[in-house]
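The values are calculated or read from the model by the stated rules, or taken from the named source; none is laboratory data. The shown structure was predicted, so the numbers you read here are calculated from the model rather than taken from an experiment. Positions of Cβ are backbone-derived with ideal geometry, glycine not excepted, and every protein chain shown enters the neighbour counts.
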Amino acid sequence: MIGGGLAGLACGVALAEAGWRVRLFEQKPFLGGRATSYVLPNGEHVDNCQHVALGCCTNLADFYRRVGSADKIKFFDELVFLDPQGRRGTMKAGLLPAPFHMTGSFLTFAPLAMRDKLSIARAMLDIVAAKGNTADLAEPRPISMLEWLRRRRQTKGAIERFWRVVLVSALDEELDRTDARYGVDVFWKAFLMNSTGYRMGVPVVPLAELYAGCKAAIESRGGEVNLRSPVRSLHAEGTSIRAVQFDAGREESAGAYVFAVAHDALFDLMPESIRRAEPSLANLSKIKTAPITGVHFWFDRPVMDEPFVTLLDTNTQWIFNKTMLYGDQQGATNNGEQYLQMVISASYDLLKKSRQEIIDICLREVRQALPRAQAAQLMKSTVIKEVAATFSPQPGVDCWRPQQQTKIPGLFFAGDWTATGWPATMEGAVRSGYLAAEAALRAAGTSLPASGTAHQFLQPDLPPSGLISMLVPKQKPK
Ligand SMILES: Cc1cc2nc3c(=O)[nH]c(=O)nc-3n(C[C@H](O)[C@H](O)[C@H](O)COP(=O)(O)OP(=O)(O)OC[C@H]3O[C@@H](n4cnc5c(N)ncnc54)[C@H](O)[C@@H]3O)c2cc1C
(Lines give C-alpha, C1' and ligand atoms only; values in the text may rest on other atoms or scores of the structure.)
Protein backbone atom coordinates (compact mmCIF):
# COMPACT_ATOMS: atom_id res chain seq x y z
CA MET A 1 0.00 0.00 0.00
CA ILE A 2 1.58 3.26 -1.09
CA GLY A 3 -0.08 6.22 0.64
CA GLY A 4 -1.61 6.42 4.11
CA GLY A 5 -4.53 8.76 3.38
CA LEU A 6 -8.11 7.56 3.85
CA ALA A 7 -8.07 5.56 0.61
CA GLY A 8 -4.87 3.69 1.50
CA LEU A 9 -5.98 3.15 5.09
CA ALA A 10 -9.43 1.85 4.10
CA CYS A 11 -7.88 -0.51 1.57
CA GLY A 12 -5.16 -1.63 3.98
CA VAL A 13 -7.56 -2.31 6.85
CA ALA A 14 -9.94 -4.21 4.53
CA LEU A 15 -7.16 -6.39 3.09
CA ALA A 16 -5.75 -7.06 6.56
CA GLU A 17 -9.22 -8.17 7.67
CA ALA A 18 -9.31 -10.49 4.65
CA GLY A 19 -6.13 -12.13 5.93
CA TRP A 20 -3.49 -10.37 3.82
CA ARG A 21 -0.20 -9.15 5.27
CA VAL A 22 -0.36 -5.46 4.42
CA ARG A 23 2.75 -3.28 4.29
CA LEU A 24 1.82 0.38 4.12
CA PHE A 25 4.30 3.10 3.15
CA GLU A 26 3.45 6.74 3.82
CA GLN A 27 5.83 9.56 2.99
CA LYS A 28 4.77 11.86 5.84
CA PRO A 29 5.37 11.36 9.57
CA PHE A 30 1.61 10.89 10.17
CA LEU A 31 -1.41 9.10 8.69
CA GLY A 32 -4.57 10.63 7.21
CA GLY A 33 -3.25 12.43 4.11
CA ARG A 34 -5.32 15.52 3.41
CA ALA A 35 -7.78 14.66 6.20
CA THR A 36 -5.30 14.90 9.07
CA SER A 37 -4.05 17.19 11.83
CA TYR A 38 -0.65 18.16 13.17
CA VAL A 39 0.92 20.07 16.00
CA LEU A 40 2.04 23.68 15.42
CA PRO A 41 5.39 24.85 16.88
CA ASN A 42 3.37 26.54 19.68
CA GLY A 43 1.87 23.17 20.69
CA GLU A 44 -1.64 23.70 19.24
CA HIS A 45 -3.23 20.71 17.47
CA VAL A 46 -4.75 21.97 14.22
CA ASP A 47 -6.62 20.11 11.53
CA ASN A 48 -5.19 20.54 8.06
CA CYS A 49 -8.70 21.90 7.62
CA GLN A 50 -12.00 21.22 9.33
CA HIS A 51 -13.53 18.07 7.83
CA VAL A 52 -17.18 17.10 8.08
CA ALA A 53 -19.17 14.11 6.90
CA LEU A 54 -22.87 13.71 6.18
CA GLY A 55 -25.28 11.02 7.29
CA CYS A 56 -25.30 9.64 3.73
CA CYS A 57 -21.56 8.79 3.95
CA THR A 58 -22.17 5.11 4.70
CA ASN A 59 -18.70 3.82 3.82
CA LEU A 60 -16.88 6.41 5.91
CA ALA A 61 -19.11 5.48 8.86
CA ASP A 62 -18.29 1.80 8.26
CA PHE A 63 -14.56 2.60 8.16
CA TYR A 64 -14.71 4.57 11.43
CA ARG A 65 -16.53 1.60 13.02
CA ARG A 66 -13.89 -0.87 11.79
CA VAL A 67 -11.04 1.18 13.28
CA GLY A 68 -12.85 2.06 16.53
CA SER A 69 -13.34 5.78 15.81
CA ALA A 70 -17.12 5.95 15.36
CA ASP A 71 -17.62 7.51 18.80
CA LYS A 72 -15.24 10.34 17.88
CA ILE A 73 -17.75 11.72 15.36
CA LYS A 74 -20.67 13.73 16.71
CA PHE A 75 -23.77 14.09 14.55
CA PHE A 76 -25.84 17.28 14.50
CA ASP A 77 -29.47 17.52 13.29
CA GLU A 78 -29.63 21.29 12.90
CA LEU A 79 -27.81 23.50 10.37
CA VAL A 80 -27.76 27.22 11.24
CA PHE A 81 -27.34 29.96 8.60
CA LEU A 82 -26.61 33.66 9.30
CA ASP A 83 -26.79 36.52 6.81
CA PRO A 84 -25.15 39.96 7.03
CA GLN A 85 -28.54 41.54 7.75
CA GLY A 86 -28.62 39.54 10.99
CA ARG A 87 -31.28 37.08 9.79
CA ARG A 88 -30.96 33.55 11.02
CA GLY A 89 -32.28 30.43 9.29
CA THR A 90 -32.33 26.85 10.51
CA MET A 91 -32.59 23.67 8.48
CA LYS A 92 -33.63 20.50 10.25
CA ALA A 93 -35.87 17.50 9.77
CA GLY A 94 -39.39 17.72 11.18
CA LEU A 95 -42.18 15.18 11.46
CA LEU A 96 -43.05 14.91 7.75
CA PRO A 97 -41.69 11.87 5.88
CA ALA A 98 -38.92 12.12 3.23
CA PRO A 99 -38.73 13.94 0.85
CA PHE A 100 -40.77 16.53 2.77
CA HIS A 101 -38.96 16.19 6.11
CA MET A 102 -37.32 19.63 5.87
CA THR A 103 -40.39 21.49 4.61
CA GLY A 104 -41.23 23.03 8.01
CA SER A 105 -37.83 24.63 8.58
CA PHE A 106 -37.59 25.59 4.90
CA LEU A 107 -40.88 27.51 5.02
CA THR A 108 -39.70 29.58 7.99
CA PHE A 109 -36.13 30.03 6.67
CA ALA A 110 -35.73 33.80 7.00
CA PRO A 111 -32.73 34.46 4.70
CA LEU A 112 -34.74 33.32 1.62
CA ALA A 113 -37.68 35.23 0.07
CA MET A 114 -40.89 33.34 -0.77
CA ARG A 115 -40.22 33.46 -4.53
CA ASP A 116 -36.74 31.97 -3.94
CA LYS A 117 -38.32 29.18 -1.90
CA LEU A 118 -40.92 28.46 -4.58
CA SER A 119 -38.28 28.14 -7.27
CA ILE A 120 -36.19 25.84 -5.04
CA ALA A 121 -39.24 23.69 -4.25
CA ARG A 122 -39.96 23.30 -7.99
CA ALA A 123 -36.42 22.11 -8.68
CA MET A 124 -36.49 19.72 -5.70
CA LEU A 125 -39.74 18.16 -6.91
CA ASP A 126 -38.10 17.75 -10.30
CA ILE A 127 -35.26 15.78 -8.69
CA VAL A 128 -37.70 13.63 -6.72
CA ALA A 129 -39.89 12.91 -9.77
CA ALA A 130 -36.77 11.80 -11.69
CA LYS A 131 -35.54 9.72 -8.71
CA GLY A 132 -32.35 11.75 -8.65
CA ASN A 133 -31.67 11.36 -12.34
CA THR A 134 -33.21 14.18 -14.38
CA ALA A 135 -33.18 13.62 -18.15
CA ASP A 136 -30.66 16.40 -18.82
CA LEU A 137 -28.02 14.58 -16.76
CA ALA A 138 -27.84 11.97 -19.51
CA GLU A 139 -27.17 14.45 -22.33
CA PRO A 140 -24.06 13.44 -24.31
CA ARG A 141 -22.33 16.71 -23.40
CA PRO A 142 -22.46 16.94 -19.58
CA ILE A 143 -23.96 20.21 -18.36
CA SER A 144 -22.83 22.39 -15.47
CA MET A 145 -24.88 22.81 -12.31
CA LEU A 146 -25.41 26.48 -13.17
CA GLU A 147 -26.90 25.47 -16.52
CA TRP A 148 -29.13 22.90 -14.76
CA LEU A 149 -30.40 25.63 -12.40
CA ARG A 150 -30.94 28.13 -15.24
CA ARG A 151 -33.04 25.56 -17.12
CA ARG A 152 -35.21 25.41 -14.00
CA ARG A 153 -35.47 29.22 -13.84
CA GLN A 154 -33.99 29.51 -10.38
CA THR A 155 -34.04 33.03 -8.89
CA LYS A 156 -30.80 34.89 -8.15
CA GLY A 157 -31.54 34.64 -4.41
CA ALA A 158 -32.10 30.88 -4.66
CA ILE A 159 -28.85 30.38 -6.54
CA GLU A 160 -26.68 32.61 -4.34
CA ARG A 161 -28.19 31.89 -0.94
CA PHE A 162 -29.12 28.24 -1.31
CA TRP A 163 -27.70 26.19 -4.18
CA ARG A 164 -24.30 27.86 -4.19
CA VAL A 165 -23.97 27.80 -0.41
CA VAL A 166 -24.62 24.08 -0.14
CA LEU A 167 -22.80 22.94 -3.27
CA VAL A 168 -19.60 25.00 -3.08
CA SER A 169 -19.07 23.59 0.42
CA ALA A 170 -19.96 20.03 -0.57
CA LEU A 171 -18.10 19.93 -3.91
CA ASP A 172 -15.38 22.59 -3.57
CA GLU A 173 -16.17 24.19 -6.91
CA GLU A 174 -18.21 27.04 -8.39
CA LEU A 175 -21.57 26.13 -9.95
CA ASP A 176 -20.47 26.93 -13.52
CA ARG A 177 -17.52 24.50 -13.15
CA THR A 178 -19.46 21.69 -11.47
CA ASP A 179 -20.95 18.73 -13.34
CA ALA A 180 -24.72 18.90 -12.70
CA ARG A 181 -24.75 15.19 -11.89
CA TYR A 182 -22.67 15.80 -8.74
CA GLY A 183 -24.82 18.74 -7.70
CA VAL A 184 -28.10 16.88 -8.13
CA ASP A 185 -26.65 13.85 -6.33
CA VAL A 186 -25.86 15.93 -3.24
CA PHE A 187 -29.49 16.97 -2.90
CA TRP A 188 -30.89 13.55 -3.78
CA LYS A 189 -28.66 11.56 -1.43
CA ALA A 190 -28.29 14.02 1.45
CA PHE A 191 -31.55 15.98 1.50
CA LEU A 192 -34.32 14.10 -0.29
CA MET A 193 -33.94 10.33 -0.35
CA ASN A 194 -33.61 9.69 3.37
CA SER A 195 -34.52 11.93 6.30
CA THR A 196 -31.14 11.40 8.04
CA GLY A 197 -28.81 11.82 5.04
CA TYR A 198 -28.23 15.55 5.75
CA ARG A 199 -27.09 15.10 9.40
CA MET A 200 -23.67 16.59 9.84
CA GLY A 201 -20.94 14.47 11.44
CA VAL A 202 -18.11 16.51 12.95
CA PRO A 203 -14.99 14.98 14.56
CA VAL A 204 -14.66 15.81 18.26
CA VAL A 205 -10.90 15.12 18.25
CA PRO A 206 -8.06 16.41 16.03
CA LEU A 207 -8.30 14.45 12.76
CA ALA A 208 -5.08 12.42 13.19
CA GLU A 209 -6.57 10.77 16.29
CA LEU A 210 -9.21 9.08 14.11
CA TYR A 211 -6.55 6.82 12.56
CA ALA A 212 -4.93 5.36 15.69
CA GLY A 213 -6.89 2.10 15.20
CA CYS A 214 -5.69 1.66 11.59
CA LYS A 215 -2.12 0.91 12.58
CA ALA A 216 -3.37 -1.61 15.14
CA ALA A 217 -5.77 -3.23 12.61
CA ILE A 218 -2.93 -3.73 10.10
CA GLU A 219 -0.17 -4.68 12.56
CA SER A 220 -2.28 -7.12 14.59
CA ARG A 221 -2.61 -9.20 11.41
CA GLY A 222 1.12 -9.33 10.74
CA GLY A 223 1.35 -6.21 8.59
CA GLU A 224 3.29 -2.99 9.09
CA VAL A 225 2.76 0.75 8.81
CA ASN A 226 5.89 2.64 7.76
CA LEU A 227 5.89 6.42 8.12
CA ARG A 228 8.48 8.78 6.56
CA SER A 229 8.80 6.24 3.72
CA PRO A 230 8.36 7.96 0.36
CA VAL A 231 8.15 5.60 -2.61
CA ARG A 232 10.23 7.10 -5.42
CA SER A 233 9.22 4.89 -8.35
CA LEU A 234 7.83 1.59 -9.51
CA HIS A 235 10.35 -0.90 -10.87
CA ALA A 236 8.87 -2.90 -13.76
CA GLU A 237 10.23 -5.04 -16.57
CA GLY A 238 7.80 -4.51 -19.39
CA THR A 239 4.46 -4.89 -17.66
CA SER A 240 5.78 -7.18 -14.92
CA ILE A 241 6.09 -5.30 -11.66
CA ARG A 242 9.23 -6.19 -9.73
CA ALA A 243 9.20 -3.83 -6.73
CA VAL A 244 8.69 -0.31 -5.46
CA GLN A 245 11.83 1.75 -5.03
CA PHE A 246 12.74 3.92 -2.05
CA ASP A 247 15.66 6.25 -1.36
CA ALA A 248 19.21 4.87 -1.54
CA GLY A 249 18.17 2.20 -4.04
CA ARG A 250 16.17 0.16 -1.48
CA GLU A 251 13.43 -1.99 -3.03
CA GLU A 252 10.44 -3.83 -1.57
CA SER A 253 8.34 -6.34 -3.47
CA ALA A 254 4.83 -7.67 -2.90
CA GLY A 255 2.13 -9.84 -4.41
CA ALA A 256 0.00 -6.79 -5.21
CA TYR A 257 0.67 -3.05 -5.24
CA VAL A 258 -2.01 -0.47 -4.42
CA PHE A 259 -1.06 3.12 -5.22
CA ALA A 260 -3.24 5.35 -3.04
CA VAL A 261 -1.46 8.65 -3.72
CA ALA A 262 -2.97 11.85 -5.16
CA HIS A 263 -3.64 11.68 -8.90
CA ASP A 264 -1.14 14.39 -9.73
CA ALA A 265 1.64 12.44 -7.95
CA LEU A 266 0.90 9.06 -9.53
CA PHE A 267 2.03 9.62 -13.10
CA ASP A 268 5.59 10.52 -12.09
CA LEU A 269 5.97 7.31 -10.07
CA MET A 270 5.16 5.09 -13.06
CA PRO A 271 7.87 3.87 -15.48
CA GLU A 272 7.46 4.38 -19.22
CA SER A 273 6.46 0.74 -19.89
CA ILE A 274 3.55 0.97 -17.41
CA ARG A 275 2.46 4.38 -18.74
CA ARG A 276 2.23 2.85 -22.21
CA ALA A 277 0.31 -0.24 -21.07
CA GLU A 278 -2.17 1.54 -18.74
CA PRO A 279 -3.93 4.18 -20.87
CA SER A 280 -5.83 5.74 -17.92
CA LEU A 281 -2.55 7.24 -16.69
CA ALA A 282 -2.34 9.59 -19.67
CA ASN A 283 -5.70 11.12 -18.72
CA LEU A 284 -4.80 12.00 -15.14
CA SER A 285 -3.48 15.43 -16.14
CA LYS A 286 -7.00 16.28 -17.40
CA ILE A 287 -8.34 16.05 -13.83
CA LYS A 288 -8.02 19.61 -12.48
CA THR A 289 -7.84 20.60 -8.83
CA ALA A 290 -9.61 23.20 -6.67
CA PRO A 291 -8.42 25.07 -3.54
CA ILE A 292 -9.76 25.31 0.03
CA THR A 293 -8.53 27.85 2.59
CA GLY A 294 -8.77 27.24 6.32
CA VAL A 295 -8.42 30.14 8.77
CA HIS A 296 -7.85 29.53 12.49
CA PHE A 297 -8.60 32.17 15.17
CA TRP A 298 -8.00 32.04 18.92
CA PHE A 299 -10.03 34.72 20.76
CA ASP A 300 -9.32 35.75 24.34
CA ARG A 301 -12.91 34.85 25.38
CA PRO A 302 -15.95 32.91 24.11
CA VAL A 303 -17.61 34.70 21.19
CA MET A 304 -19.87 31.93 19.85
CA ASP A 305 -22.38 29.53 21.43
CA GLU A 306 -23.23 27.27 18.44
CA PRO A 307 -21.00 24.32 17.44
CA PHE A 308 -20.91 25.68 13.87
CA VAL A 309 -22.73 28.14 11.60
CA THR A 310 -22.88 28.82 7.86
CA LEU A 311 -22.49 32.41 6.68
CA LEU A 312 -24.35 33.79 3.65
CA ASP A 313 -23.05 36.43 1.19
CA THR A 314 -19.51 36.47 2.67
CA ASN A 315 -16.10 35.03 1.74
CA THR A 316 -16.19 33.00 4.95
CA GLN A 317 -18.52 30.06 4.41
CA TRP A 318 -18.41 28.18 7.72
CA ILE A 319 -17.35 28.95 11.28
CA PHE A 320 -16.63 25.94 13.51
CA ASN A 321 -16.42 26.34 17.25
CA LYS A 322 -13.48 23.98 17.79
CA THR A 323 -13.32 24.56 21.53
CA MET A 324 -16.92 23.42 21.93
CA LEU A 325 -16.52 20.53 19.46
CA TYR A 326 -13.47 19.28 21.37
CA GLY A 327 -15.69 18.84 24.37
CA ASP A 328 -15.80 22.00 26.41
CA GLN A 329 -19.51 22.74 26.61
CA GLN A 330 -18.82 26.17 28.12
CA GLY A 331 -17.05 27.00 24.84
CA ALA A 332 -13.81 28.16 26.51
CA THR A 333 -10.48 26.45 27.05
CA ASN A 334 -8.80 26.35 30.48
CA ASN A 335 -7.20 29.74 29.84
CA GLY A 336 -10.57 31.21 28.84
CA GLU A 337 -9.84 31.37 25.08
CA GLN A 338 -12.10 30.18 22.28
CA TYR A 339 -10.70 28.55 19.15
CA LEU A 340 -12.69 28.97 15.91
CA GLN A 341 -11.96 27.57 12.47
CA MET A 342 -13.30 29.13 9.29
CA VAL A 343 -13.54 27.32 5.94
CA ILE A 344 -13.61 28.85 2.46
CA SER A 345 -14.07 26.28 -0.33
CA ALA A 346 -13.26 27.00 -4.00
CA SER A 347 -11.14 29.84 -2.57
CA TYR A 348 -9.60 30.88 -5.92
CA ASP A 349 -9.91 34.58 -5.03
CA LEU A 350 -7.86 34.15 -1.86
CA LEU A 351 -4.92 32.35 -3.45
CA LYS A 352 -3.21 35.58 -4.49
CA LYS A 353 -3.89 37.34 -1.19
CA SER A 354 -1.37 37.46 1.64
CA ARG A 355 -2.07 35.66 4.89
CA GLN A 356 -2.63 38.99 6.65
CA GLU A 357 -5.15 40.09 4.02
CA ILE A 358 -7.06 36.80 4.46
CA ILE A 359 -7.02 37.19 8.26
CA ASP A 360 -8.35 40.75 7.94
CA ILE A 361 -11.20 39.68 5.62
CA CYS A 362 -12.23 36.79 7.87
CA LEU A 363 -11.93 38.80 11.07
CA ARG A 364 -14.22 41.49 9.67
CA GLU A 365 -16.79 38.87 8.63
CA VAL A 366 -16.58 36.90 11.88
CA ARG A 367 -17.04 40.10 13.91
CA GLN A 368 -20.06 41.00 11.82
CA ALA A 369 -21.63 37.56 12.25
CA LEU A 370 -20.75 37.10 15.93
CA PRO A 371 -21.26 40.44 17.74
CA ARG A 372 -19.36 39.30 20.86
CA ALA A 373 -16.22 38.96 18.71
CA GLN A 374 -16.18 42.75 18.24
CA ALA A 375 -14.89 43.39 21.77
CA ALA A 376 -12.82 40.21 21.92
CA GLN A 377 -9.11 40.23 21.23
CA LEU A 378 -7.65 37.97 18.57
CA MET A 379 -4.78 36.25 20.39
CA LYS A 380 -3.42 34.06 17.57
CA SER A 381 -4.33 33.18 14.03
CA THR A 382 -3.12 31.00 11.22
CA VAL A 383 -4.06 30.45 7.58
CA ILE A 384 -3.69 27.15 5.72
CA LYS A 385 -4.07 27.45 1.94
CA GLU A 386 -4.57 24.07 0.24
CA VAL A 387 -4.09 24.93 -3.42
CA ALA A 388 -4.96 21.42 -4.67
CA ALA A 389 -7.41 20.45 -1.94
CA THR A 390 -9.70 18.28 -4.08
CA PHE A 391 -10.14 17.32 -7.70
CA SER A 392 -12.47 19.72 -9.45
CA PRO A 393 -15.82 18.05 -10.30
CA GLN A 394 -15.93 19.70 -13.73
CA PRO A 395 -18.52 18.62 -16.31
CA GLY A 396 -17.34 15.36 -17.85
CA VAL A 397 -14.56 14.68 -15.31
CA ASP A 398 -15.87 11.15 -14.73
CA CYS A 399 -14.50 9.93 -18.06
CA TRP A 400 -10.93 10.64 -16.82
CA ARG A 401 -11.31 8.86 -13.47
CA PRO A 402 -9.72 5.38 -13.70
CA GLN A 403 -11.06 2.16 -12.21
CA GLN A 404 -9.24 0.73 -9.18
CA GLN A 405 -8.28 -2.39 -11.17
CA THR A 406 -5.70 -1.59 -13.87
CA LYS A 407 -4.69 -3.56 -16.96
CA ILE A 408 -1.36 -4.41 -15.28
CA PRO A 409 -1.37 -7.62 -13.22
CA GLY A 410 -0.90 -6.81 -9.53
CA LEU A 411 -1.32 -3.03 -9.90
CA PHE A 412 -4.29 -1.22 -8.34
CA PHE A 413 -5.21 2.43 -7.77
CA ALA A 414 -7.11 3.98 -4.88
CA GLY A 415 -7.86 7.61 -4.08
CA ASP A 416 -10.84 9.96 -4.06
CA TRP A 417 -10.04 10.71 -7.74
CA THR A 418 -10.59 7.11 -8.95
CA ALA A 419 -13.97 6.02 -10.35
CA THR A 420 -16.34 5.89 -7.39
CA GLY A 421 -19.22 8.05 -8.64
CA TRP A 422 -18.60 10.27 -5.59
CA PRO A 423 -16.92 13.69 -5.51
CA ALA A 424 -13.59 14.29 -3.74
CA THR A 425 -14.62 13.52 -0.19
CA MET A 426 -13.58 11.26 2.66
CA GLU A 427 -16.51 9.03 1.65
CA GLY A 428 -15.19 8.87 -1.92
CA ALA A 429 -11.68 8.03 -0.66
CA VAL A 430 -12.95 5.17 1.56
CA ARG A 431 -15.13 3.83 -1.27
CA SER A 432 -12.09 3.77 -3.55
CA GLY A 433 -10.07 1.91 -0.91
CA TYR A 434 -12.78 -0.71 -0.43
CA LEU A 435 -13.16 -1.12 -4.21
CA ALA A 436 -9.39 -1.54 -4.61
CA ALA A 437 -9.36 -4.17 -1.84
CA GLU A 438 -12.20 -6.09 -3.50
CA ALA A 439 -10.41 -5.89 -6.87
CA ALA A 440 -7.09 -7.10 -5.41
CA LEU A 441 -8.80 -10.06 -3.72
CA ARG A 442 -10.67 -10.95 -6.92
CA ALA A 443 -7.54 -10.74 -9.02
CA ALA A 444 -5.59 -12.95 -6.62
CA GLY A 445 -8.40 -15.49 -6.61
CA THR A 446 -8.63 -15.18 -2.82
CA SER A 447 -11.91 -13.33 -2.69
CA LEU A 448 -13.75 -16.26 -1.10
CA PRO A 449 -13.33 -16.44 2.68
CA ALA A 450 -14.32 -19.53 4.65
CA SER A 451 -18.00 -18.55 4.45
CA GLY A 452 -17.87 -19.13 0.68
CA THR A 453 -19.27 -15.70 -0.24
CA ALA A 454 -17.08 -13.06 -1.86
CA HIS A 455 -15.53 -10.42 0.40
CA GLN A 456 -17.58 -7.29 0.14
CA PHE A 457 -16.40 -4.12 1.80
CA LEU A 458 -18.38 -1.52 -0.15
CA GLN A 459 -21.47 -0.51 1.82
CA PRO A 460 -24.84 0.30 0.24
CA ASP A 461 -26.24 3.86 0.28
CA LEU A 462 -28.72 4.79 2.99
CA PRO A 463 -32.00 3.06 2.18
CA PRO A 464 -34.77 5.31 0.85
CA SER A 465 -37.11 6.40 3.65
CA GLY A 466 -40.60 7.89 3.99
CA LEU A 467 -42.50 8.36 0.73
CA ILE A 468 -39.30 7.81 -1.28
CA SER A 469 -39.28 4.16 -0.24
CA MET A 470 -42.45 3.73 -2.30
CA LEU A 471 -40.81 5.39 -5.30
CA VAL A 472 -37.38 3.74 -5.25
CA PRO A 473 -36.74 0.04 -4.63
CA LYS A 474 -34.24 -0.71 -1.85
CA GLN A 475 -30.67 -1.51 -3.02
CA LYS A 476 -29.98 -5.25 -2.91
CA PRO A 477 -26.60 -6.31 -1.50
CA LYS A 478 -24.24 -7.45 -4.28
C1 LIG B 1 -8.65 21.68 3.01
C2 LIG B 1 -9.49 20.46 2.76
C3 LIG B 1 -10.77 20.37 3.29
C4 LIG B 1 -11.55 19.23 3.03
N5 LIG B 1 -12.79 19.12 3.61
C6 LIG B 1 -13.47 17.97 3.47
C7 LIG B 1 -14.67 17.74 4.20
O8 LIG B 1 -15.12 18.59 4.98
N9 LIG B 1 -15.33 16.57 4.00
C10 LIG B 1 -14.85 15.59 3.17
O11 LIG B 1 -15.48 14.54 3.06
N12 LIG B 1 -13.71 15.77 2.47
C13 LIG B 1 -13.01 16.92 2.61
N14 LIG B 1 -11.83 17.09 1.95
C15 LIG B 1 -11.41 16.06 0.98
C16 LIG B 1 -10.74 14.88 1.69
O17 LIG B 1 -9.72 15.31 2.56
C18 LIG B 1 -10.13 13.97 0.62
O19 LIG B 1 -11.10 13.64 -0.34
C20 LIG B 1 -9.57 12.67 1.19
O21 LIG B 1 -8.89 12.88 2.40
C22 LIG B 1 -8.65 12.05 0.13
O23 LIG B 1 -8.05 10.88 0.63
P24 LIG B 1 -7.05 10.06 -0.31
O25 LIG B 1 -6.54 8.94 0.51
O26 LIG B 1 -7.72 9.77 -1.59
O27 LIG B 1 -5.86 11.07 -0.66
P28 LIG B 1 -4.77 11.75 0.28
O29 LIG B 1 -5.39 12.15 1.57
O30 LIG B 1 -4.14 12.82 -0.53
O31 LIG B 1 -3.72 10.60 0.60
C32 LIG B 1 -2.62 10.30 -0.22
C33 LIG B 1 -1.48 9.90 0.70
O34 LIG B 1 -0.40 9.42 -0.09
C35 LIG B 1 0.81 9.92 0.46
N36 LIG B 1 1.82 9.86 -0.61
C37 LIG B 1 1.86 10.61 -1.74
N38 LIG B 1 2.92 10.26 -2.49
C39 LIG B 1 3.56 9.27 -1.80
C40 LIG B 1 4.71 8.48 -2.07
N41 LIG B 1 5.45 8.68 -3.18
N42 LIG B 1 5.09 7.54 -1.16
C43 LIG B 1 4.37 7.34 -0.02
N44 LIG B 1 3.27 8.07 0.27
C45 LIG B 1 2.87 9.00 -0.61
C46 LIG B 1 0.44 11.31 0.90
O47 LIG B 1 1.37 11.83 1.83
C48 LIG B 1 -0.95 11.08 1.51
O49 LIG B 1 -0.87 10.74 2.87
C50 LIG B 1 -11.04 18.21 2.19
C51 LIG B 1 -9.75 18.31 1.67
C52 LIG B 1 -8.98 19.40 1.97
C53 LIG B 1 -7.57 19.46 1.44
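Observations on the structure shown:
- Filtered residues of region 210-255 (kept if of a type in the set (Gly, Ala, Ser), closer than 30 Å to Glu272 by Cβ, surrounded by 14 or more Cβ atoms within 10 Å (Cβ to Cβ) and out of contact with any Pro (no Cβ under 9 Å at 6 or more places or on another chain)): Ser229, Ala243, Ala254
- Total residues in region 363-419, condition part of a loop (DSSP other than H, G, I, E, B) and either aliphatic (A, V, I, L, M) or touching an Asp or Glu at 6+ places or on another chain (Cβ under 7 Å) (or both): 14
- Where helices (runs of 4 or more DSSP H) fall wholly inside region 137-211, the ranges with 2 or more residues that are free of Cβ contacts under 8 Å to residues at least 24 places away in the same chain and over 23 Å from Asp77 (Cα atoms) are 145-151.
- Among residues of region 415-432, those that are among the small types (Gly, Ala, Ser) and either within 18 Å of Leu167 (Cα to Cα) or more than 7 Å from the ligand (Cβ to nearest atom) (or both), counted: 4
- Test: residue in region 25-40 that is in contact with an Asp or Glu (Cβ under 9 Å, 6 or more places away or on another chain) and within 11 Å of Val258 (Cβ to Cβ): yes
- Odd one out for Asp247, checked against (1) away from the ligand (no atom under 14 Å from the Cβ); (2) of a type in the set (Asp, Glu); (3) farther than 30 Å from Arg150 by Cα: (1)
- When region 1-31 is limited to residues that are in contact with a strand residue (DSSP E or B) (Cβ under 6 Å, 6 or more places away or on another chain) and of a type in the set (A, V, I, L, M), the one that is surrounded by the most Cβ atoms within 10 Å (Cβ to Cβ) turns out to be Met1.
Let's see how each residue does on (1) within 14 Å of the ligand (Cβ to nearest atom); (2) loosely packed, with under 15 Cβ neighbours inside 10 Å; (3) modelled with pLDDT of 95 or more:
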site: Glu278; (1), (2), (3): no, no, yes
site: Glu306; (1), (2), (3): no, no, yes
site: Gln317; (1), (2), (3): yes, no, yes
site: Lys352; (1), (2), (3): no, yes, yes
site: Glu357; (1), (2), (3): no, yes, yes
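- All of Gly104, Gly68, Gly86 fail the test of being of a type outside the set (A, V, I, L, M), free of Cβ contacts under 8 Å to residues at least 12 places away in the same chain and either within 16 Å of the ligand (Cβ to nearest atom) or assigned to a loop (DSSP other than H, G, I, E, B) (or both), apart from Gly86.
- Residues being more than 16 Å from the ligand (Cβ to nearest atom) and either out of contact with any Ser or Thr (no Cβ under 7 Å at 6 or more places or on another chain) or within 25 Å of Ala35 (Cβ to Cβ) (or both) are entirely absent from region 258-269.
- Residues in region 1-42 that are aliphatic (A, V, I, L, M) and either within 6 Å of the ligand (Cβ to nearest atom) or part of a loop (DSSP other than H, G, I, E, B) (or both): Met1, Ile2, Leu6, Ala7, Ala18, Val22, Leu31, Ala35, Leu40.
- Of the residues examined, Gln374 is not one that is more than 9 Å from the ligand (Cβ to nearest atom) and in contact (Cβ under 8 Å) with a residue 60 or more places away in the chain.
- Among the residues of region 281-299, those identified as of a type outside the set (Phe, Trp, Tyr) and either in a strand (DSSP E or B) or surrounded by 16 or more Cβ atoms within 10 Å (Cβ to Cβ) (or both) are Leu281, Leu284, Ile287, Thr289, Ala290, Pro291, Ile292, Thr293, Gly294, Val295, His296.
- Filter result for the condition that a residue is within 16 Å of the ligand (Cβ to nearest atom), in contact with a helix residue (DSSP H, G or I) (Cβ under 7 Å, 6 or more places away or on another chain) and of a type in the set (Ser, Thr, Tyr), over Ser381, Ser345: Ser345
- Within region 286-299, residues that are modelled with pLDDT of 95 or more and among the small types (Gly, Ala, Ser) reach partners that are part of a loop (DSSP other than H, G, I, E, B) and near the ligand (Cβ under 10 Å from one of its atoms) with beta carbons closer than 7 Å, at six or more positions or on different chains, in the pairs Ala290/Asp172; Gly294/Cys49; Gly294/Gln50.
- Residue in region 35-42 that is modelled with pLDDT of 95 or more and not hydroxyl-bearing (Ser, Thr, Tyr) present: yes
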